[in-house]
Amino acid sequence: MNERSKRIIGLTGGIATGKSTVSHYLATVCHIQVLDADTYAREAVEKNSPILQTIKERYGSDICFENGELNRKKLGNLIFNNSREKQWLECQIHPYVRQRFQEEIKQSQQEIILLDIPLLFESQLTHLVTEIWVVYCSYEQQLQRLMNRNHLSEEEAIARIKSQLPIEDKVKKADVVLDNSSTLEDLYQQIEQIIKNN
């Protein structure tokens, strides 16, 4: 199938706004192929990978556990409060993620593909998609959900939210906005409606 005839949805949102819930529903209920940026980002820093080696050279080998795997929490604490280090890390990982998306899109035989990309705008991957869906909820809900989900203090959760582009900016750039401030049933109905109308 010609790449240009494919419908490629870029799904994004703020951290803890419900993007994974939407992605899971589209994959399991609507049977849409989902390619996940987080999966590729984890692949990029797998044990013994060249990118992990570069990270160790910058931060020292104690950025890894004794078994050689990356200590994500430790790395997260280093970069979330330091925009320069965050940018450096993204420059290592984003090219790998972009390449994996391009390979998978090329190989796919599906008419509709969903790219699940938390940092769709921040990592400048919008050129890969034909439409942009943003999952939205209020700031208060986002903060509460993130604290509960990741067992973070309010301060830690705020730092993570602030490290991303504000959700309002993402909403302005979206072709479709899914409002996840009500019930799951309501969210699923919105998804069904959009799929049916397109």
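The calculated FRET efficiency for the pair Lys173 and Asp62, based on their C-beta separation and a Förster distance of 35 Å, comes to about 0.30. For the chain, taking the reciprocal of the average inverse distance between every pair of different Cα atoms yields a Kirkwood hydrodynamic radius of 17.9 Å. Loop-located trypsin sites (Lys or Arg not before Pro) across the range 23-77 with a Cβ neighbour count of 12 or fewer within 10 Å are Lys47, with loop assigned by DSSP.
The charge dipole of the range 3-197, taken about its Cα centre with unit charges on the Cβ atoms of Lys, Arg (+1), Asp and Glu (-1) only, comes to about 380 debye. The distance linking the range 63-133 with the range 1-57 is 8 Å (Cα centroid to Cα centroid, whole angstrom). Over the chain, dividing the summed -39,500 (n - 2.57) contributions of all DSSP H runs of at least 4 residues by the number of residues returns a 222 nm mean residue ellipticity of -16000 deg cm²/dmol.
The DSSP beta bridges internal to the chain are antiparallel in roughly 5% of cases.
Shown in residue order for the range 112-121 are the 3J(HN,Hα) couplings computed by the Karplus curve 6.51 cos²θ - 1.76 cosθ + 1.60 at θ = phi - 60°: 10, 10, 9, 9, 8, 10, x, 9, 4, 7 Hz (x for Gly and Pro).
Compute the relative contact order of the chain as a whole-number percentage, counting only Cα pairs closer than 8 Å that sit 6 or more residues apart in sequence. This gives 37 percent for the chain.
Values in this text are rule-based calculations from the coordinates and carry no lab data. Quantities reported herein were computed from a predicted structural model and do not represent experimental measurements. Note that we place each Cβ from the backbone using ideal geometry, even for glycine, and neighbour counts take in every protein chain shown.
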